[in-house]
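Here the structure comes first, spelled out in structure tokens, and everything after it is commentary.
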Amino acid sequence: MAKVQPRSRRPGLLGVVDSADGPRLRIGVAEAAEGGRANRAACATLAQALGVQSSAVRLVAGSASRQKRLLVTGDPTAITARLALL
């Protein structure tokens, strides 16, 4: 799960925040939440941080919410290792 901040002054991965459902990755994007631009930017930002192609990250749930579920396809071991470094 991720918490996306549209129109963030500091785009990129902003750490981990606690929530009632557990920890969430915080992603800041410069784009506005209009027309799905922030969703696409969040996917691209996460893909870049994990070192995967942008097509490997897609939005599964939360298109109209700041709380998003993003699916990353690829080698689970490599993805888990990259997430641990964040």
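Taking all protein chains as present, what is the carbon and sulfur share of the accessible area of the chain, in % to the nearest whole number, probe 1.4 Å?
Result for the chain: 50 percent of the exposed heavy-atom area is carbon or sulfur.
To the nearest 10 degrees, how steep is helix 76-85 against the longest Cα principal axis of the chain, on a 0 to 90 scale?
Once rounded, the angle reads 60 degrees.
So how far apart, in nm, are the two label points at VAL16 and GLN67 if each is 7 Å from Cα heading toward Cβ?
1.8
When ligands, DNA and RNA are left out and all protein chains stay put, how many square angstrom of accessible area per residue does the chain have with a 1.4 Å probe?
63
Could you work out how far helix 37-50 tilts from the main Cα principal axis of the chain, as a 0 to 90 degree angle to the nearest 10?
Helix 37-50 sits roughly 20 degrees off the main axis of the chain.
Give, as a single signed number, the net charge of other residues whose beta carbon lies under 12 Å from the beta carbon of GLU31, with Lys and Arg counted +1 and Asp and Glu -1.
Surrounding charge for GLU31 is +2.
List every residue whose amide H lies under 5 Å from the amide H of VAL29, counting only residues 5 or more places away in sequence or on a different chain, with H placed 1.01 Å from N in the peptide plane.
Those qualifying (amide H under 5 Å, at least 5 residues apart or on another chain) are GLN5, ARG7, SER8, GLY12.
The values are calculated or read from the model by the stated rules, or taken from the named source; none is laboratory data. Nothing here was measured: the structure is a model prediction, and the numbers come from that model. No Cβ is skipped: glycine too gets one built from the backbone with ideal geometry, and neighbour counts run over all protein chains shown. The accessibility values were calculated without ligands, DNA or RNA, using every heavy atom of the protein model including side chains. Shrake-Rupley method; radii C 1.70, N 1.55, O 1.52, S 1.80 Å.
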